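The values are calculated or read from the model by the stated rules, or taken from the named source; none is laboratory data. Small disclaimer: the values here were computed from a predicted structure and weren't measured. Please note: Cβ atoms are built from the backbone with ideal geometry, for glycine as well, and neighbour counts cover all protein chains shown.
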Amino acid sequence: MSFIDRLKDKWGIKRTIDVVLILIVFSLAGSSVMFFTKPVLLFFGVDESTPTAIWWTARILLIVPIYQVLLIVYGTLLGQFYFFWEKEKKMGRWIVGLFTKN
């Protein structure tokens, strides 16, 4: 079984082109988030002179939501909105579960 076939099974996808498009979305979002993060940090006054712990904390806090938005944007542009929207909802439920008592 090939890598693509395993992803199709794991994600419940029938067409190989959909797997390819999803992988492209992940790569575009990952690359773009690194491009967008620095200007946003500079806008908020976080630069190389900022203490390292604060700089990394701010960077991580920015990367996560920007990445999520970019996944939806690129996913929509490449016809994979439903796949990424379902992943976003699943992650949202997981995050909420971290902060709620069972």
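The figures follow:
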read-out: Tally of residues being more than 30 Å from I13 (Cβ to Cβ) and assigned to a helix (DSSP H, G or I) across the range 61-102; value: 3
read-out: The range 35-88, subset touching a Leu at 6+ places or on another chain (Cβ under 7 Å) and hydrophobic (A, V, I, L, M, F, W, C), residue surrounded by the most Cβ atoms within 10 Å (Cβ to Cβ); value: F84
read-out: Unmet requirement for K87, which otherwise passes all of (1) at negative phi; (2) in contact (Cβ under 8 Å) with a residue 24 or more places away in the chain; value: (2)
read-out: Among the residues listed as D18, D5, D47, the single one being assigned to a helix (DSSP H, G or I), of a type in the set (D, E) and modelled with pLDDT under 95; value: D5
read-out: Some residue of the range 26-34 being within 22 Å of L7 (Cβ to Cβ), exposed (fewer than 13 other Cβ atoms within 10 Å of the Cβ) and either in contact with a strand residue (DSSP E or B) (Cβ under 6 Å, 6 or more places away or on another chain) or at pLDDT 90 or above (or both); value: yes
